[in-house]
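Participant: One structure, as structure tokens, below. Some questions next.
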Amino acid sequence: MARPASEQTALWVLRKLREGGYEALFAGGCVRDQLLGAPCTDYDVATNASPKQVRGLFRHVLMVGAKFGVAMVVHRGQVVEVVTFRSDETYSDGRRPDRVTFSTAREDALRRDFTINGMFYDPIAKKVIDYVDGQEDLQARILRTIGSPEQRFDEDYLRLIRAVRFAARLDFRIDPATEAALAANADKIVSISGERVFDELRKMLSNTSAVRSLADLQRFGLMQHIVPELFDADDHWPAAMQRAEKIGHYADFLLTLAALLLELPSRVIGRICRRWGASNETRLALQWIAKHGGDWQAAPNWPLCKIKRLLAYGQFDRLCLLWLAIEELDTGQTDYHQLLRKKIASIDPDQIAPPPLVSGEDLLGLGLSESPKLGRILNKLYDAQLNEELKSRRTALAEARRMVTEAAAPNA
Ligand code: ATP
Ligand code: MG
């Protein structure tokens, strides 16, 4: 997968477009971030060349979004999104604009969501091109829709969440008219596809401003429609938020999401993940963390084998941070956490998930047949190995022989 473009690569693309006789400007997020003096991770170029014309100018162009005016120029392992100036479109299916009409820079600015996202920058002339008074709002630190908020949200309700995300990330105020329209239309978010919503949530929770985003989503009534399951019981949301407040600063999307969903039953988490089109990996991680969320008091006293099995799972670090957060919230102390840490520190990393000393083949060789019994014995042997009771293959095989004999006894 190609990386987002550096400024240098985006500039190279912009120059080539101009040499080809087209207009080309930096657009959107990178202009905003540059004016804020914030690091920009992704440069978009806007042009009056159509995607087909863009393809004619560069060797390697991906045309996946061409119908919507986007061509991706790949250069030196980086990808620059080249967006054709286009005018407004509606999103009747909540996924994609129905129709796009190629147009001018001015119209392209007007179809964008917020004033601070609607500016262009000419890096050759070093000039901001601002048809939407974005610079003023940037100065005053205000998030405001371009044009009537009611109308702009009505075109695409995903903008409701985006408003919250940008205001939180930049620590901006939301303009009162925009804010009123946000609250008034919160329930419409259900018309937006789960995939688009999830994408925005991911960006939100991957930022240190996650907690403000979540608080705002709830304040405007959006969260109640995004995860209604968290509002089934009165105390669900406040508890979820308390956990999020403890760990939101890690800017770890999965950790914060796990903190929110921790108390929900596994099948409900499954349903939410399906609604969002989340990967199986994400779903399983969230379900695993939720399953063990309540074990923070018991875990330090578990047998070594049980602790090691948890440690071997890729989500253990997140679980541990959540356990710490819950313990602090419940007791104001960190005693259990410290006990567990001490126990973990004494474990040799090579002994967390060592190769088994005894295999299924060995048990078959000892006369056991393929059966659930075989699986159970293998498991017991591996637990004993993890508990460091069996340290060599010789002692493990002797124990296996004893277990097989015992299992073969008539009353076993
Ligand atoms: P980020 O750093 O979070 O990616 P960004 O500003 O680059 O911020 P994107 O979602 O990547 O945000 O979108 C790029 C630009 O496209 C935005 O700055 C905005 O001008 C425009 N845009 C994106 N989504 C919408 C939308 N739903 N409605 C209107 N304009 C949009
Ligand atoms: Mg972007």
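Each value in this text was obtained by applying a stated rule to the coordinates, not by laboratory testing. Computed from a predicted structure; not experimentally measured. All Cβ positions, glycine included, derive from the backbone under ideal geometry; neighbour counts span all protein chains shown.
Participant: With each label point set 7 Å from Cα along the Cα-Cβ vector, what nm distance links E361 and Q242?
Facilitator: Taking the two extended label points, one gets 5.4 nm.
Participant: Which of the three applies to region 22-138, rounded, prolate or oblate, going by the alpha-carbon gyration tensor with a ≥ b ≥ c and a/c under 1.5 meaning rounded?
Facilitator: oblate
Participant: Students often forget the sequence filter, so: which aspartates and glutamates lie under 14 Å Cα-Cα from K126 once same-chain residues fewer than 8 apart are removed?
Facilitator: E7
Participant: Another question, then. Suppose every Lys and Arg Cβ carries +1 and every Asp and Glu Cβ carries -1, with no other charges. What dipole size does region 1-140 come out with about its Cα centre, to the nearest 20 debye? It would help to have the intermediate numbers written out before the result.
Facilitator: Numbers: 19 positive and 19 negative charges, 158 e Å.
So the magnitude is around 760 debye.
Participant: Moving on. Report, in listed order, any pair from K306/K342; K52/K203; K291/K373; K188/K246 with a Cα-Cα distance greater than 25 Å.
Facilitator: The pairs that break the limit, which is 25 Å between Cα atoms, are K52/K203; K291/K373; K188/K246.
Participant: Under the definition of Cα pairs under 8 Å and six or more residues apart, what whole-number percent is the relative contact order of region 1-140?
Facilitator: Details: 281 pairs, mean separation 31.6, N = 140.
Over region 1-140, the number comes to 23 percent.
Participant: Assign one of three labels to region 360-408, namely rounded, prolate or oblate, based on the Cα gyration tensor with a ≥ b ≥ c the square roots of its eigenvalues; rounded applies when a/c is under 1.5, prolate when it is not and a/b is larger than b/c, and oblate otherwise.
Facilitator: Numbers: a/c = 1.97, a/b = 1.56, b/c = 1.27.
In terms of gyration-tensor shape, prolate.
Participant: So if we plug the beta-carbon distance of S369 and D348 into 1/(1 + (r/R0)^6) with R0 = 41 Å, what FRET efficiency do we get, rounded to 0.05? Present the calculation step by step, with values, prior to reporting the outcome.
Facilitator: Numbers: r = 35 Å, r/R0 = 0.86.
About 0.70, to the nearest 0.05.
Participant: Now for a separate question. Under a point spin-label approximation (7 Å from Cα along Cα-to-Cβ), what is the Y250-E150 distance to one decimal in nm?
Facilitator: Those two pseudo-labels are separated by 4.4 nm.
Participant: Using only the Cα atoms, work out Rg/Rh for the chain, with Rh taken as the Kirkwood radius, to two decimals.
Facilitator: In the chain, Rg relative to Rh is 1.11.
Participant: Which GluC sites (Glu not before Pro) in region 1-70 sit in a loop by DSSP (not H, G, I, E or B) and have at most 16 other Cβ atoms within 10 Å of their own Cβ?
Facilitator: Passing sites in region 1-70 are E23.
Participant: A follow-up question, please. Suppose R0 equals 41 Å. What FRET efficiency, 1/(1 + (r/R0)^6) with r the Cβ-Cβ distance, do L339 and D235 give to the nearest 0.05?
Facilitator: 0.90
Participant: Can you grab the distance from the C-alpha centre of region 194-209 to the C-alpha centre of region 278-337, Å, no decimals?
Facilitator: For region 194-209 versus region 278-337, the Cα centre distance is 24 Å.
Participant: To continue, here is another question. Any chance you could check the Cα centroid distance between region 363-412 and region 109-147 for me, in angstrom?
Facilitator: About 70 Å separates the Cα centre of region 363-412 from the one of region 109-147.
Participant: Now for a different question. With each pseudo-label sitting 7 Å past Cα toward Cβ, what's the A125-D187 distance in nm, one decimal?
Facilitator: Rounded to a tenth, the inter-label distance reads 4.9 nm.
Participant: What angle do you read, to the nearest 10 degrees and between 0 and 90, between the alpha-carbon axis of helix 372-386 and the longest principal axis of the chain?
Facilitator: 80
Participant: Let me ask something else. May I ask you to order 109-122, 363-376, 276-289, 225-238 by the average number of other C-beta atoms within 10 Å around their residues, highest value first?
Facilitator: Ranking, from highest mean packing down: 109-122, 276-289, 225-238, 363-376.
Participant: For region 272-412, what does the equivalent ellipsoid look like in terms of its semi-axes, each the square root of 5 times an eigenvalue of the Cα gyration tensor, given largest first in whole Å?
Facilitator: 35, 20, 13
Participant: What FRET efficiency comes out for the pair Q135/K67, r = Cβ-Cβ distance, R0 = 25 Å, nearest 0.05?
Facilitator: 0.15
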